[in-house]
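First up is the structure itself, then whatever we jot down about it.
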Amino acid sequence: MAEGFWLLRDFLDSGGWVLWSILLVTVLLWTLMVERLWFLARVFPTEAGQLQQRWLARADRTSPAARHIRAAWLSRAHQHLGRFLPMVRVLIALCPLLGLLGTVSGMIEVFDVMALSGNGNPRAMAAGVSRATVPTMAGMVIAISGLFCLARLDQQSRRALQRLNDRLRFE
């Protein structure tokens with residue numbers, strides 16, 4: 001366990017401060033996505049059931065006022081389902097940009113080495129190239145995996161809202 005921690009720390013150090021920033025964004029991103037998955041699996045079905053019971057308990061379900069109430073309930077459910085998704089989208093877009101920042105800072109390090117020692121120190125240049133490529137790779141991997149999960153969250157949210165819409169029938 002401790003060895004794994006040190007390996008992870010060495011990996012993060014190899015990318016510099018940018019890779020640590022990507023880790024922070026990743027933790028926040030996956031926390032929000034797990035929360036949304038939990039909401040869709042555990043919380044929203046209960047809320048939808050309660051809304052259906054309230055709807056079926058109404059004597060009037062066909063008047064214009066009832067239609068407006070239904071539309072308001074569905075709108076509120078849509079807001080609950082979409083909570084945090086804009087933030088998730090921003091964090092997914094931020095990951096490759098942070099990776100690109102790591103590329104630029106790593107290449108600046110390479111150019112600094114070249115300026116100080118000429119162009120004949122390949123070991124020092126390799127460290128800068130590594131520092132440039134690791135954050136780029138990490139940012140892309142996190143963004144791609146986040147996109148897959150976001151697509152699933154969007155799909156499940158749309159389906160849950162459609163099911164609720166179908167359950168709140170006009171009669």
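The set of residues in region 63-90 being more than 19 Å from residue 155 (Cβ to Cβ) and open to solvent by 70 Å² or more (accessible area, probe 1.4 Å) consists of 64, 67, 68, 76, 90.
Do we find a residue being open to solvent by 60 Å² or more (accessible area, probe 1.4 Å), in contact with a helix residue (DSSP H, G or I) (Cβ under 7 Å, 6 or more places away or on another chain) and not β-branched (Val, Ile, Thr) anywhere in region 139-148? Checked against the condition, which is being open to solvent by 60 Å² or more (accessible area, probe 1.4 Å), in contact with a helix residue (DSSP H, G or I) (Cβ under 7 Å, 6 or more places away or on another chain) and not β-branched (Val, Ile, Thr), region 139-148 yields at least one hit. For region 128-171, the set of residues classified as aromatic (Phe, Trp, Tyr) and either within 29 Å of residue 15 (Cα to Cα) or at pLDDT 95 or above (or both) consists of 148 only. If you scan region 151-169, which residues turn out to be among the basic types (Lys, Arg) and within 17 Å of residue 34 (Cα to Cα)? Once the filter is applied, which keeps residues that are among the basic types (Lys, Arg) and within 17 Å of residue 34 (Cα to Cα), region 151-169 yields only 152. In region 1-25, of all residues being part of a helix (DSSP H, G or I) and in contact with a Ser or Thr (Cβ under 9 Å, 6 or more places away or on another chain), the one that is most open to solvent (accessible area, probe 1.4 Å) corresponds to 17. Of the residues 105, 130, the single one that is surrounded by fewer than 17 Cβ atoms within 10 Å (Cβ to Cβ) and either of a type in the set (Gly, Ala, Ser) or in a helix (DSSP H, G or I) (or both) is 130.
The values are calculated or read from the model by the stated rules, or taken from the named source; none is laboratory data. Note that the structure is a prediction, hence the values are computed from the model and not measured. Cβ coordinates were reconstructed from backbone atoms using ideal geometry, including for glycine residues, and neighbour counts include every protein chain displayed. What goes into the accessible areas is simple: the full protein's heavy atoms, side chains included, and nothing from ligands, DNA or RNA. Shrake-Rupley method; radii C 1.70, N 1.55, O 1.52, S 1.80 Å.
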